[in-house]
Amino acid sequence: RQEKAAKHMLRTRKGVLKFVADQGGTASLADMHKHSEMRYFVGHQKFSQMMEALIAEGLLDYSHADGIGTITESGREYIG
């Protein structure tokens, strides 16, 4: 079960990064959350943890002032 959850989170991470890339490289936090919730059924707490990880890993930059996420070059490489 843990392995299945890990695979699901990996798909979700890539899916959210691809969503941001498909939006021209930036997306609002609200839009990223809505996408992850509707497409991958990820709730608020898991979404927050995922976002923190994406930012910490340098795959996504986030402006708290604007509420906008921007995919990084590393993020683009990550989604291939």
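The values are calculated or read from the model by the stated rules, or taken from the named source; none is laboratory data. What you see is a predicted model, and the numbers here were worked out from it, not measured in a lab. Please note: Cβ atoms are built from the backbone with ideal geometry, for glycine as well, and neighbour counts cover all protein chains shown. We work out accessible area using only protein heavy atoms, side chains counted, and drop any ligands, DNA or RNA first. Shrake-Rupley method; radii C 1.70, N 1.55, O 1.52, S 1.80 Å.
With the requirement that a residue be of a type in the set (Lys, Arg) and buried (at least 17 other Cβ atoms within 10 Å of the Cβ), what does the stretch 39-54 give you?
The answer is Lys46, and nothing else.
Just a yes or no: is a residue in the stretch 1-15 open to solvent by less than 40 Å² (accessible area, probe 1.4 Å), closer than 13 Å to Thr70 by Cβ and either touching a strand residue (DSSP E or B) at 6+ places or on another chain (Cβ under 8 Å) or without any contact (Cβ under 8 Å) to a residue 40 or more places away in the chain (or both)? Before the answer, list the steps.
Keep residues of the stretch 1-15 that are open to solvent by less than 40 Å² (accessible area, probe 1.4 Å), which gives 12-13, 15.
Okay, now just the ones that are also closer than 13 Å to Thr70 by Cβ, so none.
Within the stretch 1-15 (the criterion being open to solvent by less than 40 Å² (accessible area, probe 1.4 Å), closer than 13 Å to Thr70 by Cβ and either touching a strand residue (DSSP E or B) at 6+ places or on another chain (Cβ under 8 Å) or without any contact (Cβ under 8 Å) to a residue 40 or more places away in the chain (or both)), the answer is no, since none of the residues qualifies.
Step by step: first the residues of the stretch 55-66, then only those that are without any contact (Cβ under 8 Å) to a residue 24 or more places away in the chain and either buried (at least 17 other Cβ atoms within 10 Å of the Cβ) or of a type in the set (D, E, K, R) (or both), then the one that is nearest to Gly25 (Cα to Cα). Which residue is that?
So the first thing to find is which residues in the stretch 55-66 are without any contact (Cβ under 8 Å) to a residue 24 or more places away in the chain, and the list is 55-58, 61, 63-66.
Checking the rest, the ones that are also either buried (at least 17 other Cβ atoms within 10 Å of the Cβ) or of a type in the set (D, E, K, R) (or both) come to 57, 61, 66.
On the way: Glu57: 17, Asp61: 10, Asp66: 15 Å.
Filtering first and then ranking leaves Asp61.
Can you tell me how many residues in the stretch 1-21 are of a type outside the set (Ser, Thr, Tyr) and within 15 Å of Leu59 (Cβ to Cβ)?
Qualifying residue count for the region: 12.
Looking at this structure, is Gly69 surrounded by 18 or more Cβ atoms within 10 Å (Cβ to Cβ) and either outside any helix (DSSP H, G or I) or in contact with a His (Cβ under 7 Å, 6 or more places away or on another chain) (or both)?
Yes: the conditions hold for Gly69.
For the stretch 51-64, state whether one or more residues are of a type outside the set (A, V, I, L, M, F, W, C), part of a helix (DSSP H, G or I) and farther than 18 Å from Met9 by Cα.
no
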